[in-house]
Amino acid sequence: MVSTIQKFFVFAGQQSGKLKKGMALTVINSAFQALQIAAIYVVLQDILEDTVTWQTAGSSFAIMLVSIVGTIVVGHLSRMDEIEASFAMCVDKRIEIGQRLRYMPMGYFNSVNLGEITSIMTNTLDDMQDTAPRVMDKTIHGFIHAAVLTIAMIFIDWRIGTVVLIGVIVFLQANSAIQQRARDVTGKRIAAQTSLVGAVLEYVLGMGVVRAFNMSSSARNRIDKAIQECEDQNLALELAFVPLMFLQSSVLRLASVLIVLTSIYLYLQDTMDLARCILMVISSFVIYSQLDQAGGMSALMRAVDVSIDRINALRETPVMDEKDTLVQRQGLDIRAEHVTFSYGATTIINDVSFVIPERTVTAIVGPSGGGKSTLCSLIARFWDVDSGVISVGGKDVRDYGFDSLMEHFSVVFQHVYLFSDTIANNIKFGKPDATLEEIIVVAKKANCHGFISELPCGYDTLIGEGGATLSGGEKQRISIARAMLKDAPIIILDEATANVDPENESILQEAIAELTKNKTIIMIAHRLKTVRHAHQVLVMDQGSIVQSGTHEELMEQGGIYANFIRMREKSIGWKLMR
């Protein structure tokens with residue numbers, strides 16, 4: 001338990017000071033609560049000695065008033081510090097993780113379940129925001145309260161104080177058993193929650209496939225199983241604690257009874273006066289009240305511990321090396337020298353070398369799975385190479401700060417992702433401080449101003465997550481407008497027109513022509529007219545560049561490229577016969 005509390009304060013980071021202040025205030029709060037016993041003692045003593053006066057009532061009232069006001073004020077200040085710190089702590093962690101995700105290699109997102117990341121950013125951090133501070137507050141407050149009152153009882157009567165202390169010690173033994181039991185079941189509960197989030201995300205994101213293949217029942221079964229597993233694990237967690245919680249509460253009840261019996265025994269032996277005996281009997285009902293609550297909350301300490309470990313695991317995931325040095329580049333030529341890259345044990349790029357001069361057009365073609373998209377990702381440093389060097393302007397891309405490197409690149413992906421936001425905000429994602437006039441200018445160049453103007457709210461129209469409310473061609477044109485607004489000198493086109501109809505393709509080609517004026521262009525393409533006029537064509541097969549040259553040179557050489565072009569030409573001439 002102590003190690004979890006220490007871990008929690010370390011996790012809190014900059015907010016740990018405010019949290020510690022809140023915890024320190026609980027000590028003062030407990031001292032104010034202890035004054036109630038003194039108020040009772042003042043009245044009891046004068047009643048039993050038959051010396052009750054208005055001064056007795058006044059003294060008791062004054063002590064009680066100080067206790068109540070102090071408890072309210074200090075308790076409020078303590079709670080406010082803890083609430084503010086807990087919310088700020090989780091805001092800091094979400095922002096920190098969001099920033100870190102930007103610098104993780106793209107392979108991380110291929111290997112890690114999206115549900116795992118989502119669960120941490122939502123459920124786990126929500127638990128840390130709402131549950132963890134309350135658990136810490138109740139647990140620490142309960143133990144501090146018990147410690148303060150135990151010390152007070154020892155000063156009032158060391159014999160009763162010893163009984164109180166024995167009760168606390170036995171309680172701690174029972175609580176230790178709860179902590180051990182929590183270690184066994186909490187991990188399974190969190191794993192079930194993560195699995196549920198992943199199942200729901202997969203079901204929603206794959207809804208088109210589910211419907212197309214009439215797999216609704218089988219897909220639904222996986223969610224039902226995940227829900228049932230989550231229910232079972234939550235129930236198992238609660239049931240595992242029931243007998244131990246009963247034992248823990250029973251220890252305190254028996255200790256309270258023992259305090260009463262001991263006080264009566266000491267009074268009958270004439271070693272304790274009646275006023276003090278009655279005070280001990282009354283105190284037995286309140287002395288363990290906060291400790292009992294702390295015991296109930298402490299069962300969740302293990303959940304807090306596991307949550308911190310999960311969040312820290314994501315926070316500590318290795319990112320690509322960031323040297324963040326000032327790079328003095330010479331031009332924007334792109335050069336690869338003996339580059340090799342693997343996914344795990346599978347080699348994707350094998351000893352690749354090439355040069356892309358500034359302000360030229362390079363087309364990358366080849367069979368599916370040949371490594372074209374991976375090569376473009378390495379150029380933009382979405383991954384780091386295993387060996388070899390990729391340089392921009394004569395400097396290794398790993399010597400750039402990631403943000404400064406990406407200032408040189410705009411990427412138009414084959415599968416466009418638009419955010420659940422306005423069209424204007426999606427376009428200015430490439431330049432957050434852009435004005436509406438700048439947005440409209442690039443929208444016109446990208447041939448998307450027309451359909452945007454016809455939408456109910458124009459550029460302020462909200463679009464669904466992933467751009468679900470727009471057609472494929474419309475999403476592509478918005479992504480091209482976004483790239484235009486960024487105005488980077490190097491453009492990567494990853495089969496930007498591969499999945500659009502012929503009508504939209506001609507519009508997109510016009511938009512791409514505007515985007516690529518006076519730029520360095522790297523395009524992955526399968527269509528003849530997009531590669532015929534490239535300054536050079538790189539032909540990839542099984543992770544290697546097997547041919548390079550202009551269209552005419554490669555046609556003369558024969559081989560993969562020439563065969564590829566002839567197949568395309570034949571397919572264009574195909575007709576359906578009746």
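None of the figures in this text is laboratory data; all of them are computed from the coordinates on show. Given the structure is predicted, the values throughout are model-derived calculations rather than measurements. No Cβ is skipped: glycine too gets one built from the backbone with ideal geometry, and neighbour counts run over all protein chains shown.
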Which listed pairs, of Lys431/Lys517; Lys395/Lys517; Lys93/Lys395, have C-alpha distances above 29 Å, in listed order = Lys93/Lys395
Taking the dipole about the Cα centre of region 334-572, with the C-beta of Lys and Arg at +1 and of Asp and Glu at -1, give me whichever of Phe419, Ala481, Ile334 is farthest to the positive side.
-> Ile334
Mind checking region 19-54 for chymotrypsin sites (Phe, Trp or Tyr not before Pro) that DSSP puts in a loop (not H, G, I, E or B) and that have at most 12 other Cβ atoms within 10 Å?
-> none
Proximal charge balance of Leu436 [Cβ under 14 Å; K/R count +1, D/E count -1] = -1
Would you pull out the residues with amide H under 5 Å of Val361's amide H, same chain only if 5 or more places away, H placed 1.01 Å from N?
-> Ile521, His535, Gln536
On average, how much area does the Cα convex hull of region 2-315 cover when viewed from any direction, in nm²?
-> 19.8
Net dipole in debye of region 2-315 [+1 Lys, Arg Cβ; -1 Asp, Glu Cβ; about Cα centre; nearest 20] | 1160
Radius 13 Å from Cβ of Thr56, net charge of other residues (Lys, Arg +1; Asp, Glu -1) = -3
